[in-house]
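The values are calculated or read from the model by the stated rules, or taken from the named source; none is laboratory data. Since this is a predicted model, take the numbers as computed values, not measurements. Note that we place each Cβ from the backbone using ideal geometry, even for glycine, and neighbour counts take in every protein chain shown. The area values use the complete protein model at the heavy-atom level, side chains included, leaving out ligands, DNA and RNA. Shrake-Rupley method; radii C 1.70, N 1.55, O 1.52, S 1.80 Å.
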Number of protein chains: 2
Amino acid sequence: MFDPAPILAGNRRALARLLTHIENAAPEAEAALAALFPHTGRAHLVGVTGPPGSGKSSLVTELAKIYRGAQRTVAVVAVDPSSPFTGGALLGDRIRMRALAGDPGVFIRSMASRGSLGGLARATADVVKALDAAGFERILIETVGAGQAEVDIARAAHTTLVIEAPGLGDDVQAIKAGLLEAADILVVNKADQPNAENTVRALRASLDLAHPAARAWVTDADFAHHGASAPPPAAESGQPAEGDLWLPPLLRTVATEGRGALELVEAIEQHRAFLQRSGEGARRDRDRLTHELETRLRDALLAELVARVGNGQLARAVERVVAREIDPGRAAKELAEQYPIRNT
Amino acid sequence: MFDPAPILAGNRRALARLLTHIENAAPEAEAALAALFPHTGRAHLVGVTGPPGSGKSSLVTELAKIYRGAQRTVAVVAVDPSSPFTGGALLGDRIRMRALAGDPGVFIRSMASRGSLGGLARATADVVKALDAAGFERILIETVGAGQAEVDIARAAHTTLVIEAPGLGDDVQAIKAGLLEAADILVVNKADQPNAENTVRALRASLDLAHPAARAWVTDADFAHHGASAPPPAAESGQPAEGDLWLPPLLRTVATEGRGALELVEAIEQHRAFLQRSGEGARRDRDRLTHELETRLRDALLAELVARVGNGQLARAVERVVAREIDPGRAAKELAEQYPIRNT
């Protein structure tokens with residue numbers, strides 16, 4: 001029987017052990033998560049995504065520092081869907097650890113993809129649940145890369161930050177469309193670079209496309225040119241009072257110098273307040289848990305079918321497909337029809 | 001009843017109509033794919049992936065031109081998992097079309113993510129099947145982005161190209177690990193840029209890590225410095241004769257000038273020959289079809305369970321999860337146990 005008491009009481013070694021079990025999909029993890037689940041739902045989850053080179057890691061470290069200064073406990077989960085190795089992740093850990101080392105109010109965990117992407121997304125969700133139950137008040141989930149997979153992981157958060165930076169290549173425009181849809185807060189990092197305003201303008205144009213309502217709200221004055229030496233402006237985030245609609249603010253930061261990070265934390269907290277008062281937070285929580293229930297049902301049903309059908313018959317179905325006698329869709333249908341689901 | 005004859009006979013309008021049905025998950029697509037499936041398995045599928053800005057599209061266009069020059073029919077499928085919009089994809093089409101316009105031996109199709117990533121991967125697989133049945137001999141599947149999702153789509157090909165280019169940002173190193181695992185052929189595009197050799201060296205270091213055997217095989221001489229004005233060298237791909245092992249060759253290209261593209265086509269054809277003589281091709285085909293069968297089984301089973309359980313009971317399960325009374329894993333298990341799978 002798993003005893004959740006040490007983790008709930010803040011025992012870091014017990015927590016670290018559980019996270020390893022989760023990552024390895026060890027059988028111990030299942031019972032532990034079931035026992036911890038009633039204690040989840042209190043942390044605010046912040047997804048941080050954006051293309052390679054945008055400076056996500058530096059920004060996450062700055063956010064963690066500010067939260068610690070405000071007496072909030074913080075966990076950081078760095079997810080790298082593109083890497084089957086943990087080497088890079090561990091290196092990132094050590095660099096970050098230097099800034100946040102020895103603080104019992106901070107917990108940092110790196111996760112790399114060992115198997116399927118679905119497996120990583122699930123493991124990340126479970127790691128976040130464990131950190132939530134352990135009492136961390138803000139959980140920053142950073143994903144390396146900018147594909148749909150990273151967006152999906154970031155989307156599982158309450159507040160999703162999309163980080164951009166000047167000069168990240170010609171195809172950046174194409175990436176933005178998908179990322180923008182998921183963004184609650186947009187950040188142009190490295191805002192002291194001379195071409196930063198081009199990035200701001202490009203993002204603004206994409207923002208107009210994705211959220212036509214924002215056009216009337218974000219005025220040109222908000223996007224006035226700021227020289228390389230000027231401090232980044234505060235959040236361009238005066239939310240409209242009526243209708244309780246959230247329009248993604250666009251912020252400028254220089255993470256390596258900590259500039260703009262305080263304003264970013266303020267924007268995150270404003271979004272958190274918006275989620276609570278509008279009911280949008282509860283809706284996102286429900287969507288996330290419904291999706292998780294569905295995914296787990298899919299897995300359970302396939303495992304059961306495989307157990308019932310037996311390897312011989314499954315292998316024969318595969319052979320027929322490989323021989324192009326029957327297409328995979330038809331083969332799946334036939335198997336499902338032969339082994340129907342009954343009520344007990 | 002779907003008549004596969006027009007598509008098998010090369011009718012482009014019938015083919016385009018079917019691809020639209022597939023993209024929209026229209027009911028007509030299922031029967032059509034079942035009828036066409038026996039005619040698939042002849043095309044050679046080439047996945048082309050790499051980070052934004054690496055010049056994948058230009059390179060794909062060059063490859064298509066060379067295949068056409070060699071009297072091979074070519075289809076290009078450009079997949080953008082990060083974009084829910086088709087605008088970018090269509091623009092890319094038009095630019096490419098200029099170079100390949102009016103050639104009946106070429107078919108180009110762009111696909112953008114409208115719903116889930118899983119949906120896109122499945123639709124891409126089906127589009128490729130239709131093009132295969134329609135008789136296109138080489139199918140180039142280009143994915144925008146460099147996350148695991150893109151790797152998964154590229155992996156469904158017979159030969160996977162990973163394209164890199166100099167100076168794509170600090171995090172590029174992190175991306176490479178996952179991409180390298182999937183690579184059959186590595187390409188450093190924009191090889192005329194002054195810092196291209198740094199990229200070659202970095203890739204080589206990663207290659208050593210991913211394929212230790214390659215260390216002995218790829219000699220330093222292969223990586224000698226080439227000035228900006230020197231033509232890219234031919235494929236560094238003298239495969240070892242014994243054991244029939246494929247070690248990913250590393251090629252340099254300048255796609256905008258067509259340099260290195262012919263060598264790249266030669267490397268693809270060498271890999272194709274390797275797949276055929278080693279049996280690795282048949283193994284990949286089997287893996288891909290087994291995976292597809294499993295995915296379709298999962299979907300069919302969940303749909304059946306949802307139909308049986310009914311919305312009321314499912315909603316109650318979701319409510320209990322949202323109230324943190326039961327965790328999603330346990331809830332899924334209980335439902336699956338209450339509705340077991342039986343043999344008819």
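Filtering the stretch B:47-82 to residues that are within 14 Å of another protein chain (Cβ to nearest Cβ), in a loop (DSSP other than H, G, I, E, B) and open to solvent by 10 Å² or more (accessible area, probe 1.4 Å) leaves B:Pro52, B:Gly55.
Tell me the residue from B:Gly258, B:Gly312, B:Gly281 that is touching a residue at least 40 places away in the same chain (Cβ under 8 Å), open to solvent by 20 Å² or more (accessible area, probe 1.4 Å) and small (Gly, Ala, Ser), please. B:Gly258 is the lone residue from the list that is touching a residue at least 40 places away in the same chain (Cβ under 8 Å), open to solvent by 20 Å² or more (accessible area, probe 1.4 Å) and small (Gly, Ala, Ser).
Every test in (1) charged (D, E, K, R); (2) touching a Ser or Thr at 6+ places or on another chain (Cβ under 6 Å); (3) modelled with pLDDT of 85 or more is passed by A:Asp93 save one, and that test is (3). In the set (1) farther than 30 Å from B:Asp126 by Cα; (2) in contact with an Asp or Glu (Cβ under 9 Å, 6 or more places away or on another chain), B:Ile341 fails one condition alone, (1).
Which numbered condition in (1) surrounded by 23 or more Cβ atoms within 10 Å (Cβ to Cβ); (2) closer than 11 Å to A:Leu140 by Cβ is the only one that A:His44 fails? Of (1) surrounded by 23 or more Cβ atoms within 10 Å (Cβ to Cβ); (2) closer than 11 Å to A:Leu140 by Cβ, only one is false for A:His44: (1). Being of a type outside the set (D, E, K, R) and either more than 14 Å from chain A (Cβ to nearest Cβ) or surrounded by fewer than 18 Cβ atoms within 10 Å (Cβ to Cβ) (or both) holds for only one residue in B:Leu8, B:Leu33, and it is B:Leu8.
The set of residues in the stretch A:165-197 being more than 10 Å from every other protein chain (Cβ to nearest Cβ) and modelled with pLDDT under 70 is empty. Filtering the stretch A:1-23 to residues that are over 24 Å from the mean Cα position of the chain (by Cα) and closer than 16 Å to A:Pro38 by Cα leaves A:Phe2, A:Asp3, A:Pro4, A:Ala5, A:Pro6, A:Ala9.
If you go through the stretch B:24-46 and keep only what is assigned to a helix (DSSP H, G or I) and either hydrophobic (A, V, I, L, M, F, W, C) or closer than 11 Å to B:Ala130 by Cβ (or both), you end up with B:Ala29, B:Ala31, B:Ala32, B:Leu33, B:Ala34, B:Ala35, B:Leu36, B:Phe37, B:His39.
Among all positions in the stretch A:285-303, there is no residue which is touching a strand residue (DSSP E or B) at 6+ places or on another chain (Cβ under 6 Å), among the hydrophobic types (A, V, I, L, M, F, W, C), open to solvent by 10 Å² or more (accessible area, probe 1.4 Å) and modelled with pLDDT under 90. Among the helices (runs of 4 or more DSSP H) confined to the stretch B:242-344, the ones with at least 3 residues that are more than 12 Å from every other protein chain (Cβ to nearest Cβ) and within 32 Å of the chain's Cα centre (by Cα) are located at B:261-278. When B:Leu131, B:Leu100 are checked against the criterion of being open to solvent by less than 40 Å² (accessible area, probe 1.4 Å), touching a strand residue (DSSP E or B) at 6+ places or on another chain (Cβ under 6 Å), modelled with pLDDT of 80 or more and more than 14 Å from chain A (Cβ to nearest Cβ), a single residue qualifies: B:Leu131.
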